[in-house]
Amino acid sequence: MVELPVPRTLVCGYCGAGPVDGVARTIAAGPGFLTVTWHADRCPHYAADRILAEESS
């Protein structure tokens with residue numbers, strides 16, 4: 001069985017959204033880490049993350 005790391009939750013430095021008021025999130029995962037960053041729905045950082053995710057697939 002694979003154990004997943006405890007996710008690290010981050011507040012967006014641009015829009016300031018967090019788990020309570022954020023409506024969108026980006027997730028980064030790798031060996032030994034899992035990070036969830038919260039964003040407002042119209043945050044430009046969230047839009048950029050979505051564009052980059054589409055290009056890498």
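The values are calculated or read from the model by the stated rules, or taken from the named source; none is laboratory data. Please read all numbers here as calculations on a predicted model, not as lab measurements. Cβ atoms come from the backbone with ideal geometry, glycine included; neighbour counts cover every protein chain shown. Quick note on the areas: whole protein, heavy atoms, side chains included, nothing else; ligands and nucleic acids left out. Shrake-Rupley method; radii C 1.70, N 1.55, O 1.52, S 1.80 Å.
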Restricting attention to the stretch 18-41, report how many residues are part of a loop (DSSP other than H, G, I, E, B), open to solvent by 80 Å² or more (accessible area, probe 1.4 Å) and touching a residue at least 12 places away in the same chain (Cβ under 8 Å).
3
Can you tell me which of (1) exposed (fewer than 12 other Cβ atoms within 10 Å of the Cβ); (2) in a helix (DSSP H, G or I) is the one ALA47 doesn't meet?
(1)
Within the stretch 1-17, count every residue that is part of a loop (DSSP other than H, G, I, E, B) and either over 16 Å from HIS45 (Cα atoms) or at pLDDT below 85 (or both).
7
